[in-house]
Amino acid sequence: MTERFDIIIRRARLRADPTRLTEIGIKDGHIVTVAEHIGSEAVADIDARGNLVTEAFVNPHLHLCKVWTLPMMEEGALKAYQSENMRAALTAIDLAAAIKEKYAETWIVENARRAVAFAVLYGCLHIRAFADVDTKARLEGVKALIRIREEFRGIVDIQVVAFAQDGIIREPGAADLLRQAMQLGADVVGGIPWIEATNADAAAHVRTCFELARDFGKDVSMLLDDAGDPKLRTLEIMAAEAVKRGWQGRALAHHCRAMSLYPRDYFKRLVGLLRTAGVAVVTDPHTGPLHARVKELLAADVRVCLGQDDISDAYYAYGRNNMLEVAFLASHLLWMMTRNDVSKLYDMITLDAAAAINLQRYGLSPGCCANLIVLNHSDIVEAFRFHDGPSHVIGNGQIVDLRSIGEMASTKTSDW
């Protein structure tokens, strides 16, 4: 008897072999068959019309508790963060913290729901989402994002990061709140050691995060050296701690903008440590004047991926959770426009980003989870050129109702 599939995608063009058309058979939430022709029927047939079919996009860095909060504040933080050489980045963080006095789970949920709906519309089904945890934000952001994680479960995979945005040593009580956040069900421990007052305090910040990660068996994500100061070296501290604690491949570095100012000899030594520690780097070059040395990291076999970072908040005015748009912007800012460059940028919002946040069974081969998108273009350069939403989104083996998701994305955000 011929096997009956839940979904068959026909006339699909794959990045691995764009010269021929392929069919993809999906059943029970997984890819079962990828072949030139599947001689079976399905409950639902999708005609890709010769366009690209790829893995769903991955956003490894989004401050989801802050989306659409820019109207709630003055633009001082935005100006400070985008100042020349980012010398005022710490000032931006302090200015942005004022908003957290207004934090409430109710309106954060509304804003976050809309942002995740946009992600789905643009084919992003995996998000590492940061929630500030400190004496001002308390646990409101974590509670909200855990609610959103459960609401979208089965469509979007959301990893909630309990994030010590305002520090640990300089913010008494933050360490206890981080532990409470992990007990509530956060998925990742988040830190930002570079904002501490001394190198010793930065090292203590890193140790605290790794101790929590060990206690709860979780990964670590840290925003590191996010300012125009070549003396900032917390990326090295984190990588060394990952090796010391046997957390290789489980510590993810974000931003690392000071890297652009490091002396070449030091940078070369740092690259060796990153490889040993299995530390990948998330870069968001569209959200600040400086960015990590992407091409050099790639040449040295350090994994690099792209993140949206922010959506209309104190640090960035735009954003739609559209990872093709992020890659399109990065293509300009990094001068990566050859066909090979564009292909690598696509990896940085799919395969490389998935590996960086340790997604399991991600891919386009039999046995992988069926989280796929059908683009409106047959050529990857054209996909970058237009960076529009996909024609079809499949989440965990189910065809997503993009009309309903679009209505959710168009809902006005809260008036707080």
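Structure notes:
- Hits in the stretch 77-108 - residues which are in a helix (DSSP H, G or I), in contact with a Gly (Cβ under 9 Å, 6 or more places away or on another chain), in contact (Cβ under 8 Å) with a residue 60 or more places away in the chain and surrounded by fewer than 21 Cβ atoms within 10 Å (Cβ to Cβ): 84, 85, 95
- Some residue of the stretch 129-145 being touching a residue at least 24 places away in the same chain (Cβ under 8 Å), more than 17 Å from residue 221 (Cβ to Cβ), crowded, with 21+ Cβ neighbours inside 10 Å and of a type in the set (Ser, Thr, Tyr): no
- Strands (runs of 3 or more DSSP E) fully within the stretch 301-416 that include at least 3 residues being free of Cβ contacts under 8 Å to residues at least 24 places away in the same chain and buried (at least 19 other Cβ atoms within 10 Å of the Cβ): none found.
- Any hit, the stretch 163-172, residues being in contact with a Gly (Cβ under 6 Å, 6 or more places away or on another chain) and among the acidic types (Asp, Glu): no
- Scan of the stretch 52-73 for residues that are out of contact with any strand residue (DSSP E or B) (no Cβ under 6 Å at 6 or more places or on another chain) and part of a loop (DSSP other than H, G, I, E, B), ordered by number: 67, 68, 69, 73
- Number of positions in the stretch 275-293 that are over 15 Å from residue 224 (Cα atoms) and of a type outside the set (Lys, Arg): 5
- Among (1) modelled with pLDDT of 95 or more; (2) surrounded by fewer than 20 Cβ atoms within 10 Å (Cβ to Cβ) - the single one residue 221 does not satisfy: (2)
- Listed by first and then second residue, the pairs linking a residue in the stretch 268-282 that is at positive phi to a residue that is among the charged types (D, E, K, R) and surrounded by 13 or more Cβ atoms within 10 Å (Cβ to Cβ), with Cβ atoms under 8 Å apart and 6 or more places separating them unless they lie on different chains, are 278/250.
- The single condition from (1) of a type outside the set (S, T, N, Q); (2) farther than 30 Å from residue 28 by Cβ; (3) modelled with pLDDT of 95 or more that residue 136 fails is (3).
- One residue alone among 228, 249, 278 is assigned by TED's automatic domain parsing to the domain that holds residue 204, surrounded by fewer than 24 Cβ atoms within 10 Å (Cβ to Cβ) and in contact with a Leu (Cβ under 7 Å, 6 or more places away or on another chain), and that residue is 228.
- Some residue of the stretch 379-387 being touching a His at 6+ places or on another chain (Cβ under 7 Å), aliphatic (A, V, I, L, M) and under 30 Å from residue 257 (Cα atoms): yes
- Any strands (runs of 3 or more DSSP E) falling wholly within the stretch 182-288 and containing at least 1 residues that are touching a Pro at 6+ places or on another chain (Cβ under 9 Å): 219-224, 251-255, 280-283
- Any hit, the stretch 168-180, residues being crowded, with 19+ Cβ neighbours inside 10 Å, in a loop (DSSP other than H, G, I, E, B), assigned by TED's automatic domain parsing to the domain that holds residue 282 and in contact (Cβ under 8 Å) with a residue 40 or more places away in the chain: yes
The values are calculated or read from the model by the stated rules, or taken from the named source; none is laboratory data. Note that this is a predicted model, so its numbers are computed, not measured. Ideal geometry is used to build each Cβ from the backbone, glycine not excepted, and the neighbour counts take in all protein chains shown.
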